[in-house]
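Just so it is clear, none of the values below were taken in a lab; they were calculated from the coordinates. Remember, predicted model here, so these are calculated numbers, not experimental data. With ideal geometry, Cβ positions are generated from the backbone for all residues, glycine too; neighbour counts draw on all protein chains shown.
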Amino acid sequence: MANFPIRMELLAAHVVDDDRRALWDRNSQWWTNEYIPRADSDYQDVILPILKDVLQGQEKVIDIGGGEGRVSRYLIEENDCEAVCVDFSVSQLCAAHAKGQGPSFVQANVGSLPFRDGAFDGAVACLVLEHVLELTEALDEANRVLRAEGKFVLVLNHPVIQTPDSGFIHDHVADPPTKYWRISEYLIETSYFEEVEKGIFLPYEHRSLSKYINSLVDAGFTIQRLYEPSHSDSFIAKNPEFSSIRSIPRLLIIICTS
Ligand SMILES: C[S@@+](CC[C@H](N)C(=O)[O-])C[C@H]1O[C@@H](n2cnc3c(N)ncnc32)[C@H](O)[C@@H]1O
């Protein structure tokens, strides 16, 4: 039987920014106190080391959709840089502020960043743009606020594994019974809300890999490298049910220069 996430078949594209922001405000405690601690192995083992390496030596870094500041705090500590954490959710920024450790905070929409051209040496958008309607505006703005040849790291839930209606299929007909990950309608762009846990709905914009790559190029970025990491060893140790899908990428990480 399929173990699909539940989706709300709302016309998600018509839910305006204020509603989306309110949703993130409402989910902030869950994100900070439940999701981040649970996903920490993905951050510690996979995401953060790549960010540290790529953004080494970049003095001013913008953390676009920085949420409760996990990435900003890490970059300040490891790379000794200045970090500005930008998010439209006041609750997320308050959670980040409560943790201290140095980032500056700015409330703004990723599609309209209140900074001058070329203000930053580096930028990161970690697990953000798959939740954002305004992809073109967000990438144009990321490119605009970066200096020439500044580094941009885009981290996404891999659009293949995150395709709507994908999920574990338990095949009891096979001998022995097996389990695999169904990839659903990958090529169809979809705007939807997913109930990731009981009562926690997140907005998702499903787009293909080519959509992201071509949008980055259109915004003026030069793509340098792509990573498609699977779940980390420590995530699998804690969540052994995912060991059967280690050959499917968990994340998509795109390294670019402006
Ligand atoms: C999944 S969380 C990721 C947070 C952080 N980057 C991290 O990796 O811990 C997505 C964040 O993006 C923010 N966000 C979503 N849409 C946004 C928008 N249009 N403008 C600004 N922030 C947005 C949400 O408020 C939320 O804090």
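Segment Val106..His170, full-extension length gain: 18.5 nm, with 0.36 nm per residue of separation and the alpha-carbon distance subtracted. Tell me the Kirkwood hydrodynamic radius of the chain in angstroms, computed as one over the mean inverse distance between distinct C-alpha pairs. Value: 18.9 Å, from the Cα pair sum. Within the listed set Phe168, Phe152, Phe221, the Gaussian network model of the chain (springs between alpha-carbon atoms below 10 Å) gives the highest mean-square fluctuation for Phe168. If you count Lys pairs in the chain whose Cα atoms are under 19 Å apart, skipping same-chain pairs closer than 8 places in sequence, the total is 4.
Loop-located GluC sites (Glu not before Pro) in segment 145-232 (DSSP state not H, G, I, E or B) with no more than 15 neighbouring Cβ atoms inside 10 Å: Glu185, Glu189.
Between the beta carbons of Trp181 and Arg116, assuming R0 = 41 Å, the FRET efficiency works out to 0.40 to the nearest 0.05. Relative to the longest principal axis of the Cα atoms of the chain, helix 70-79 runs at roughly 50 degrees.
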